[in-house]
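Everything below concerns the one structure shown next.
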Ligand SMILES: *Cc1c(COP(=O)(O)O)cnc(C)c1O
């Protein structure tokens, strides 16, 4: 089956009793046992499993080309659960422009538990030098937030394999429609389902997909079920519903983003535009090789500095000034002030989550405010 078909059918189990075509939301916290003490439905207790969560995990494992998957209450928890599977004292290598929420987990919650190096992962010599005996994980974000930097996932996978290190990719920006890290050699894929997967800005969630059903999966399952930061059945239902239209939404996001990137690049008030689909993007060739679609996120810097960036995000009308991304509505954000004082983001940078409005309305709104 192809992507669109999997998206629609793998996360939707028709109801046996009512013959409902759309899978019902099962809110029950507990499931009836059989006379012999068994669990004939396969379900026991809501924290352990639930039909809506199972459908979400099923469709995501299929879409990412993995074997198994575990859904979590937030994207941050999904990432944290991977770190919790590592033995104390493990060394992990992360990108220097890592999503700030996960970076701050490592710097606070894990500061006495894990050793972390944040490096430029496009420098493969530096990566080789940073690997130690206790390195257990390389964490990748591609494209990165908010500078849309890419890393060569295939090359990183080869280095990881040689050193028996697991490679994890935060695939939130690209989505499985745009990029399939497991097919490029990654072991672990992470998503904030809060973003494009749900796609309608009304759910918080996260998910991990694994290439193999191995010991690491058993550990992750324990963190999920015993740790218990699981998503509600209703949240799982909404995300699986969002996934049904993922391919078509991503085509629309990418088409609008490409046009907007081109428009911004030609505008005299704009200093630089960061979008992997632009031929001027320094890694455009790599983007063409490892991505199937360039996605709906872009950033740009204004010539007239931070004040021009503030003026812009406050002036636009079709775009809303807000954080987060991946919904049908376009959002703009002055990223530096969202991230706070330890941010490495340029102060004149504006990040855009390009929505599905008509492109002419988006361009007109920008044109009036640049
Ligand atoms: C939003 C986001 C996260 C964190 O997900 P939450 O659902 O907010 O916990 C992680 N990585 C990336 C790239 C994100 O955009």
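Computed quantities for the displayed model
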item: Cα-based helix-to-principal-axis angle, 359-369 vs the chain, degrees rounded to 10; result: 50 degrees
item: Extension gain from residue 13 to residue 311, taking 0.36 nm per residue of separation minus the Cα-Cα distance; result: 102.4 nm
item: Stokes-Einstein D (µm²/s) once Rh is taken as the Kirkwood radius of region 87-151 over alpha-carbon pairs, at 20 °C in 1.002 mPa s; result: 177 µm²/s
item: Residue 164-residue 44 pseudo-label distance in nm [points 7 Å out on the Cα-to-Cβ vector]; result: 3.3 nm
item: Contact order normalised by residue count of the chain, Cα under 8 Å, 6+ apart, percent; result: 17 percent
item: Label-zone membership for region 119-144, site residue 96, 7 angstrom Cα→C-beta point, backbone N under 19 Å; result: 119-132, 138-144
item: Per-peptide average of other Cβ atoms within 10 Å, ordering 134-143, 65-74, 191-200 highest first; result: 191-200, 134-143, 65-74
item: Estimated distance in nm for a label pair at residue 1 and residue 226, the labels positioned 7 Å out from Cα along Cα-to-Cβ; result: 3.4 nm
item: For the chain, share of DSSP beta bridges that run antiparallel, in % to the nearest 5; result: 55 percent
item: Angle between the chain longest axis and helix 246-266 axis [Cα atoms, degrees, rounded to 10]; result: 20 degrees
item: Computed label-point distance, nm, for sites residue 343 and residue 104 using a 7 Å Cα→Cβ extension; result: 1.2 nm
item: Value of [θ]222 nm, deg cm²/dmol, for the chain, DSSP H segments ≥ 4, -39500 (n - 2.57) each, nearest 500; result: -10500 deg cm²/dmol
item: 0 to 90° range, to nearest 10: angle between helix 305-315 axis and the chain longest Cα axis; result: 70 degrees
item: Gyration tensor (alpha-carbon) shape descriptor, the chain, a/c threshold 1.5; result: oblate
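Read-outs throughout are calculated quantities, based only on the coordinates presented, and are distinct from any laboratory measurement. Since we're looking at a predicted model, the values are computed, not measured. Neighbour counts run over all protein chains shown; Cβ positions are idealised from the backbone, glycine included.
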